[in-house]
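These notes are about the structure you will find just below.
The values are calculated or read from the model by the stated rules, or taken from the named source; none is laboratory data. It should be emphasised that the depicted structure is a prediction, and the values quoted were computed from it without experimental measurement. Cβ placement follows ideal geometry from the backbone for every residue including glycine, while neighbour counts extend to all protein chains displayed.
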Amino acid sequence: MQVPHHMKNGIQFVLYTNLLVATAAAAQMILSYKLFVLPPNIKLVWVEFSSTLLFYNLALFLSLPKKTTSVFARTNWVLKHPVVFYSLSVSALLIFIYHTLALPKDIQIALFIIGLGAALYVIPLFRIQGKRVNLRSIPYVKVFYISLIWTVSTYYLPLLDSRVSVTMGFVDQVFLGIHRFVFLVLCTLPFDLRDVKSDTHYGLKTLPVLLGRRGIIRLMHILMFLHIIFTFLLGIEAAQKWGFILVDVLLLFVFDYWVFKKQDYISVFILDFILVLQLMIVNLADYFFS
């Protein structure tokens, strides 16, 4: 599929500045509040958006080459648009500081712990065989660690923030946390498959490198089946369950008939947008069928 030049530029801007992935994180946090049947804490949502943007921009910044060109499209875009990249990063930092200072102390402490966990993913603080590495470099950890950080920040952080008001039982809370984690693994694995070239370039051992394309596709189908089972076990409205299942079916279709066959801008856009789309579809299902 040939993408028009102006549309391609717009997609590159949204993807390469990490604005879309930051929006996805905010959407997942809002979804958590919805499932808790509570209004979202807007300050915390802004913190999630800005911290995600900072985290992904930091990871990109640390991988920037000293030369002016790179073999990777995202890196080349950042090298050509440094003012945009750094302006957005500084803006995200200011938003993060402003809204974090307005949050309770326990939430600030939780944010510090989550931030430390995220920093360990990109900053090489460990020494293995005389070489400094980060958690991202530990074999086969990448996809699960990213999903865990996202689960903690978009689900457990809102749960901590709403602990006094949440009426959902403990078992339902546990199932919902597992449900979120599995879905995030599903949405992260294709990125690992897409990044095989760059991961190999940086010497990273990931699941796609270990299992290959067919192995990853088989694993995706197994996880999708498990996610649907977990959906039926959730203590939420039936309409919301069917919204989740609709997203799973759509996600499976996108994987089998687009993402695994193409590596174009649109497939990347859909993979990022699916996290936002889940909130939209669950909202629509809740509105029309509850």
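Look at residue 273 and say whether it is at pLDDT 80 or above, touching a helix residue (DSSP H, G or I) at 6+ places or on another chain (Cβ under 9 Å), part of a helix (DSSP H, G or I) and within 19 Å of residue 21 (Cα to Cα).
yes
Restricting to segment 225-246, give me the number of residues that are under 13 Å from residue 176 (Cβ atoms), among the hydrophobic types (A, V, I, L, M, F, W, C) and part of a helix (DSSP H, G or I).
4
Tell me the residue from 84, 71, 90 that is more than 21 Å from residue 275 (Cβ to Cβ) and modelled with pLDDT of 90 or more, please.
Going through 84, 71, 90 in turn, the sole match is 90.
From the list 85, 61, 55, which residue is outside any loop (DSSP other than H, G, I, E, B) and either surrounded by fewer than 14 Cβ atoms within 10 Å (Cβ to Cβ) or without any contact (Cβ under 8 Å) to a residue 60 or more places away in the chain (or both)?
Result of the check over 85, 61, 55: 61.
Can we say residue 116 is surrounded by 15 or more Cβ atoms within 10 Å (Cβ to Cβ) and of a type outside the set (Ser, Thr, Tyr)?
no
Please identify the pairs in which a residue from segment 92-111 that is closer than 11 Å to residue 48 by Cα has its Cβ atom under 8 Å from the Cβ atom of a residue that is of a type in the set (Gly, Ala, Ser) and surrounded by 11 or more Cβ atoms within 10 Å (Cβ to Cβ), counting only partners at least 6 apart or on another chain.
Close Cβ pairs satisfying both conditions: 92/22; 92/50; 92/51; 95/50; 96/50; 96/51; 99/50; 111/51.
Starting from residues that are among the basic types (Lys, Arg) and either at pLDDT below 70 or not in a helix (DSSP H, G or I) (or both), keep the ones in segment 172-224 and report whichever is surrounded by the fewest Cβ atoms within 10 Å (Cβ to Cβ).
The extreme case among them is 197.
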